[in-house]
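The values are calculated or read from the model by the stated rules, or taken from the named source; none is laboratory data. None of the values given here were measured: they were computed from a predicted structure. When we count neighbours, we look across all protein chains shown, and the Cβ atoms used for this are built from the backbone with ideal geometry, even at glycine. In case anyone asks, the SASA skips ligands and DNA or RNA and just uses the protein heavy atoms, side chains included. Shrake-Rupley method; radii C 1.70, N 1.55, O 1.52, S 1.80 Å.
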Amino acid sequence: MELSVILSQIENENENDEEIERLLHEYNTENCRTFSFDKKEEDARIRLCRALLGVLGRVAQPRCQSTCLETLRILSRDKRVLGPVSTREGILTLAGLARVGPDVPRGTGGEQQDEDEEERVVVEALKCLCNVVFNSTQAQQVGADVQLAQGLCASLHAAGAGAAPHEVGLFSLRLLFLLSALRSDVRSVLRKEPRALALLTDVLERALDVHWAGPYKVAPLDPQAPPIPSQENERAMEALKALFNITLSDSSDESLTGQDAEHQLRLLVAIMRHLLLLRTHTEETTEEAHSHAVNLLSNIPSSCLDVLIDVPVQLGQEEDGGKNMAAIQVLLDFMEKRVDRGSNYKEGLTPVLSLLAESSRYHREIRRYIKARVLPPLKDVSSRPEVGTTIRNKLVRLMTHVDMGVKQSAAEFLFVLCKESVDNLVKYTGYGSAAGLLLSRGLLAGGRGETQYSEDEDSDTDEYKEAKPYINPITGHVEELGANPMDEMTEEQKEYEAQKLVNMIDQLSRQQLIKPMGVRKDGTLAPLEETSTAECFVYVLKSKKESSTWI
């Protein structure tokens, strides 16, 4: 369908809605799967966007409106033609058709066919807004100026949280997510909006069929209950993404503090626990739901995470000291699955590692339960800590990962499980694997982190006690004894080789290829001449081609 034909009909003073609808329907059918557009027709598409807004701005039949909006949705996939739509008038026109706001009409109450057409108009307008906001920074600014996010909350509240038709609710939540993801000022406003957090919590309650059995306690699941219906699962995922943005605040933001905010956050933790124990129709969607739950829980203060375990233990569920560990076990299984995947560690693995580390840092029962499964008492120390198939082996391997964030998250998680004791961390991982974390924390000389933990100590197994004197602390395992090359050397030969080594080191140091380093009393590295002791030192090799320092 030639755009010139459509434009001539729409721009004609004697325009006919039925003819416009027929031409646009033909264009939509041809281009429904088009995502890459011919640059030569860019001006024509801009004119068409402007003309379509003109048609939508006047009184037209719902069927014609929905067809125009469908065409506008297809055109809005092209960032270069959104000028007319990204204006205040364009956004307000689409918002009016999407019924965004508290006082817009909810329907005519006429025939079912008319209601279906009106609903289709709302859905198409919301889809257009999603595309335009996603693709245009100007539209994002206009959306913030006209308080589009607050209008979405108001319209969802007016319709009843989760009670709107599926697609209306779904794309309203998606638009709310996009606005809060792309604009930090919108996030700040929504955090201060009294009903935003409660509204999205209500959406989750309806979608996940939550029934409360007590304060922050969801009624136990029926083992025979069917999976979450796909439509409810879709709405829940969009609500979770929006909630993640709203709860993502810096330390200076006090809008989510106080008793009311803590109450809402604890409700969310209870719902997340319920979600972790639910299942959907496919393994992929279940993992996606767990991923969103992990992301949201990572934003919630650690003091509220006790809700994850403060529920009665049901038959067949894991428990520790009377605490229900079913949700924690799901998180552990999720973490190991992400480790085994071997890719996308930064986005897929680090959030759950951080969540487990923080919950273990502040909740003794969680830490004890996780440590028993991740760092059980050592028995066999004949292999390196990074060699094997246990979760400890896998995490130790990640401590030397090329990605600094992944390496730091894995090391921090194991460090917390060791109650931030350097000796315990070295015991389970070897000094070589732990050196990066210890250097960053200023603990190369030993000691503990700043967090206070309970005084209970781990008891070593008899097998570990017997092998301990023979363990190489650098590699973390008992090495096979090989022939000592110095056994056959005379004292004169040993002295000669030692002097030779000193001369080589001195020459490299003078050429500034290496630099002697020592460890201060506070555990940090410093040039050897600045340290009071040379009990432990390393050489820092400086590459001439790179600015980074290798240890």
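A few points about this structure:
- If the condition is being of a type in the set (Gly, Ala, Ser) and in a helix (DSSP H, G or I), then the stretch 427-447 contributes 432, 433, 434, 435, 436, 440.
- Residues that are assigned to a loop (DSSP other than H, G, I, E, B) and at pLDDT 60 or above were ranked within the stretch 97-128; the one that is nearest to residue 70 (Cα to Cα) is 98.
- Assessment of the stretch 343-350 against the conditions (basic (Lys, Arg) and at pLDDT 95 or above) yields no matching residue.
- Long-range neighbours under 6 Å by Cβ, at least six apart or interchain, first residue more than 14 Å from residue 402 (Cβ to Cβ) within the stretch 338-353, second assigned to a loop (DSSP other than H, G, I, E, B): 338/349
- Screening the candidates 481, 525, 508 for the property of being at pLDDT below 85 and surrounded by 12 or more Cβ atoms within 10 Å (Cβ to Cβ) yields one hit, 525.
- Verdict on residue 405 being touching a Pro at 6+ places or on another chain (Cβ under 8 Å), at pLDDT 90 or above and either of a type in the set (D, E, K, R) or under 28 Å from residue 364 (Cβ atoms) (or both): no
- Residue 521 of a type in the set (Lys, Arg), touching a residue at least 40 places away in the same chain (Cβ under 8 Å), more than 30 Å from residue 390 (Cβ to Cβ) and outside any helix (DSSP H, G or I): yes
- Residue in the stretch 403-445 that is surrounded by the fewest Cβ atoms within 10 Å (Cβ to Cβ), counting only those that are over 28 Å from the mean Cα position of the chain (by Cα) and hydrophobic (A, V, I, L, M, F, W, C): 445
- Failed item, numbered, when residue 346 is tested on (1) open to solvent by less than 50 Å² (accessible area, probe 1.4 Å); (2) under 28 Å from residue 396 (Cα atoms): (1)
- Residue 296 fulfils the conditions (1) open to solvent by less than 40 Å² (accessible area, probe 1.4 Å); (2) in contact with a Cys (Cβ under 8 Å, 6 or more places away or on another chain) except for a single criterion, (2).
- Residue match in the stretch 52-74 (condition: basic (Lys, Arg), touching a helix residue (DSSP H, G or I) at 6+ places or on another chain (Cβ under 8 Å) and open to solvent by 40 Å² or more (accessible area, probe 1.4 Å)): yes
- Any hit, the stretch 366-378, residues being in a loop (DSSP other than H, G, I, E, B), over 23 Å from the mean Cα position of the chain (by Cα) and surrounded by fewer than 19 Cβ atoms within 10 Å (Cβ to Cβ): yes
- Subset tally (residues that are touching a strand residue (DSSP E or B) at 6+ places or on another chain (Cβ under 9 Å) and either open to solvent by 20 Å² or more (accessible area, probe 1.4 Å) or closer than 14 Å to residue 340 by Cα (or both)) for the stretch 381-402: 4
Condition check ((1) within 21 Å of residue 291 (Cα to Cα); (2) among the aromatic types (Phe, Trp, Tyr); (3) in contact with a helix residue (DSSP H, G or I) (Cβ under 6 Å, 6 or more places away or on another chain)) across all residues:
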| position | (1), (2), (3) |
| --- | --- |
| 359 | yes, no, yes |
| 374 | yes, no, yes |
| 398 | yes, no, yes |
| 404 | no, no, no |
| 425 | no, no, yes |
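- All positions within the stretch 129-184 that are without any contact (Cβ under 8 Å) to a residue 12 or more places away in the chain and either in contact with a Pro (Cβ under 6 Å, 6 or more places away or on another chain) or of a type in the set (A, V, I, L, M) (or both): 164
- For beta carbons closer than 9 Å, sequence separation of 6+ or different chains, a first residue in the stretch 16-34 that is under 15 Å from residue 5 (Cα atoms) and assigned to a helix (DSSP H, G or I) and a second that is among the basic types (Lys, Arg) and open to solvent by 70 Å² or more (accessible area, probe 1.4 Å), the qualifying pairs are 17/63; 21/63.
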